[in-house]
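Some notes on the structure that comes next.
A short reminder: the numbers here are calculations on the coordinates, not readings from a lab. All figures in this text were calculated on a predicted structure; none of them were measured in a lab. Here the Cβ positions follow ideal geometry from the backbone for every residue, glycine too, while neighbour counts run over all protein chains shown.
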Amino acid sequence: MSVTLSQVVLIPMLTTLWVVLVCWGYYMFRAHPPQLTRQRNRIYRCQVCEHVYLDARDVPLARCPRCGVLNESVKT
Ligand SMILES: [Zn+2]
C-alpha cells in the first residue's frame, strides 16, 4: 500500500475540519435549540372565577371560557 503526499496532508486536514464542524454544530444546537412551536400563548387569570387559561391571540384582553369576563394577561 502506497501513500501519496496528498493523502498524508489531506486526510488529517479533512478529519480535523470534520471534527471542528461537528463541534460547531453541537454548540450551535445547544445554544439555539430548535423550537417546535412558534406560537406565543398568553396566560390569563380570571378575576371572577380564578380560572387560569391560555390564549394564542395577541390581544390584551381575552374572554374567560367559564364565565365570559374579559381579563388582562398576566404573562406574555
Ligand atoms: Zn372566569
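Relative to the present Cα-Cα distance, how much length would full extension add between L36 and T15 at 0.36 nm per residue of separation?
The L36-T15 span can extend by a further 4.3 nm.
Backbone phi angles across region 44-61, fed through the Karplus curve with coefficients 6.51, -1.76 and 1.60 (θ = phi - 60°), yield HN-Hα couplings of 10, 10, 5, 6, 9, 9, 6, 6, 9, 8, 10, 9, 7, 6, 8, 10, x, 10 Hz in residue order; Gly and Pro are listed as x. Projecting the Cα atoms of M13, M1, Q47 onto the dipole axis of the chain, where Lys and Arg carry +1 and Asp and Glu carry -1 at the beta carbon, places Q47 farthest toward the positive end.
Loop-resident trypsin sites (Lys or Arg not before Pro) (DSSP state other than H, G, I, E or B) in region 1-50 with no more than 11 further Cβ atoms inside 10 Å of their Cβ: R38, R40.
If the only charges are +1 at each Lys and Arg Cβ and -1 at each Asp and Glu Cβ, what is the size of the charge dipole of the chain around the Cα centre, to the nearest 20 debye?
Details: 9 positive and 4 negative charges, 52 e Å.
Around 260 debye, computed over the chain.
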